Amino acid sequence: MKKEETPIGVFEALRATPTPVRYLLGGVLVNQLGAFVQTFLVLYLTFRGMSVAAAGLTLVAYSAGSIFGTMLGAEFTQRFGPRATIVTAMAGSAPLVAAISWLSGPGMLWPLLVVVGLAGLFTQAYRPAAAVMLSDLMPDRYQVMAFSMMRIALNMGAALAPLIAAGLILVDWDLLFWIDGGTALVYALLAFVLLPRKTTPEGAGDEDGQDSSAGAATAAAEAPAAGGEPAGPAGPAGPAASGYAAMLRDRKYLSYLAAVLLGSLTYAQGHIALPLELAASDYPTSFYSTVLTVSSVVLITCELKITAYLSRLPKHVRVITGHLVEAVGLAVYALSSRSGAFTIAGAVLVVAGIMIAAPSMFAHPATFPSTVKARYIGTMQAVGGAAGALAPLFGVYAWSRLGSGFWVLCGVVTAVAGLLALAGVRRPPEPVAVTDPEPDSAGKPEVVGGAS
């Protein structure tokens with residue numbers, strides 16, 4: 001498929017969004033509005049009398065479950081479809097999350113660890129399915145815009161959830177987990193009633209109109225991905241091992257995954273090491289809240305417009321530019337001790353870099369054939385989850401030894417991530433079609449292709 005010459009408009013993309021995609025994004029938002037476990041679990045358990053070490057262990061269990069959940073969700077999606085995966089994951093998550101409040105008493109640590117780990121697994125298992133359904137239902141021209149919409153739904157939920165939680169805590173701490181479970185159950189019901197069983201649009205497939213889910217190994221390996229991106233090595237739809245083995249041989253995709261790992265590690269430091277930096281510089285706690293508010297407002301209000309405006313640029317240009325802008329923003333945090341204006345400027349630059357690069361980075365695994373798409377998406381999300389679990393260890397350890405220099409290191413690592421992403425998503429140059437020269441009216445051969 002040839003690259004579209006005209007830029008994409010925000011309202012154009014919104015009008016082109018199919019109704020099932022609207023339902024899907026609405027369900028993502030509802031679920032995220034009640035996602036309190038990861039944010040408030042440690043605080044809740046310490047409030048109920050558990051030691052900080054034990055409460056931290058439950059967070060490790062949740063993170064581990066989340067990583068395995070994305071991989072399991074990808075495999076389930078590959079075999080049974082996105083709708084069945086979303087319904088199963090959310091219906092399973094609801095009672096597990098609600099049970100956390102009943103297992104937080106003395107002597108219940110081991111049952112609590114099991115339930116929290118399973119809650120993380122089920123809660124995250126829906127995400128590969130949601131991404132696959134989004135990419136299957138959205139027209140090719142609006143794929144990156146669609147993933148930008150999903151990011152906005154997630155970010156709106158993440159921004160509003162703490163405000164909702166603050167009100168619930170005033171009434172009863174246990175409401176956090178009951179409502180979290182309730183929103184998961186609502187999402188499961190919405191998915192069961194409103195989402196389609198079959199997500200591959202008729203006629204969808206490769207450029208020749210053939211279905212990319214045919215199942216043949218050669219089709220999976222050679223078919224161009226949705227949106228015209230080269231798929232790279234891909235395994236057949238059969239044994240899972242074949243798909244993952246092909247992924248491990250795909251050096252471009254491994255470069256992309258390395259970029260996701262490094263970029264996620266450094267981006268998370270805005271929530272981990274930046275509060276430590278501001279506290280060490282004697283800023284009031286409210287200032288960090290201001291930084292978060294500015295970041296959220298800019299991201300939610302500007303990302304779709306930025307994504308639409310940059311749609312005219314090649315994917316690899318958006319990806320490397322975004323990483324470099326984010327790298328500058330992280331380095332600017334090193335000047336936070338001099339003035340809060342540097343902190344705000346750094347936050348805006350970081351968010352700007354995210355808006356430029358992240359939609360294309362998130363959409364990239366969905367450009368692979370349907371025979372392997374779910375596994376590629378699940379692997380990317382698992383790598384991001386692993387980075388989120390490692391980020392506190394990396395951030396606190398490195399910041400405590402480097403101080404403000406830590407942010408320069410983060411900028412360098414993010415720039416390296418950008419170079420890896422560039423190598424991972426850049427398309428090879430398309431061959432120029434050359435036909436046999438035919439003599440013109442003067443008897444001279446006519447050159448086709450304009451080579452000089």
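Data overview
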item	result
Accessible-area value, Lys305, 1.4 Å probe, nucleic acids and ligands omitted, Å²	130
Environment charge at Phe287 (Cβ cut-off 15 Å; Lys +1, Arg +1, Asp -1, Glu -1)	-1
Among Tyr44, Met71, Pro20 the positive-end extreme of the charge dipole of the stretch 1-88 (Cβ point charges)	Pro20
Rounded if a/c under 1.5, otherwise prolate or oblate - the stretch 67-150, Cα gyration tensor axes	prolate
Area accessible to solvent at Asp180, 1.4 Å probe radius, in Å²	10
Packing rank of 321-327, 345-351, where each peptide gets the mean count of other beta carbons within 10 Å, highest leading	321-327, 345-351
Of all accessible heavy-atom area on the stretch 1-116, the percent that carbon and sulfur account for (1.4 Å)	72
Local electrostatic count at Met90 - Lys and Arg +1, Asp and Glu -1, tallied over other residues with Cβ under 13 Å	+1
Heavy-atom accessible surface of the stretch 288-347: percent carbon and sulfur, 1.4 Å	71
Hz values of 3J(HN,Hα) by residue in the stretch 62-70 - Karplus curve (6.51, -1.76, 1.60), Gly and Pro given as x	5, 5, 5, x, 5, 4, 5, x, 5
For the stretch 27-182: rounded, prolate or oblate by the Cα gyration tensor [a/c cutoff 1.5]	prolate
Vicinal HN-Hα couplings computed from phi for the stretch 271-282 (Karplus, 6.51 cos²θ - 1.76 cosθ + 1.60; Hz; Gly/Pro x)	9, 10, 8, 4, x, 5, 4, 5, 5, 5, 8, 6
Candidate residues Ile354, Ile377, Ile179: accessible-area rank, largest first, probe 1.4 Å	Ile179, Ile354, Ile377
When each of Lys198/Lys305; Lys198/Lys315; Lys198/Lys373; Lys315/Lys373 is checked by Cα-Cα distance, pairs over 26 Å	Lys198/Lys305; Lys198/Lys315
In Å², nearest 10: area of Phe47 left accessible to a 1.4 Å probe	120
Sequence-separation-based contact order of the stretch 81-168, relative, with Cα cut under 8 Å and 6+ spacing, percent	32
Shape call, the stretch 249-334: gyration tensor on alpha carbons, a/c limit 1.5	oblate
15 Å beta-carbon shell around Val30, net charge (K/R +1, D/E -1)	+1
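The values are calculated or read from the model by the stated rules, or taken from the named source; none is laboratory data. Remember, predicted model here, so these are calculated numbers, not experimental data. Methodologically, a virtual Cβ is constructed for each residue, glycine included, from the backbone with ideal geometry; neighbour enumeration extends over all protein chains shown. Ligands, DNA and RNA are excluded from the accessible area calculation, which covers all protein heavy atoms including side chains. Shrake-Rupley method; radii C 1.70, N 1.55, O 1.52, S 1.80 Å.
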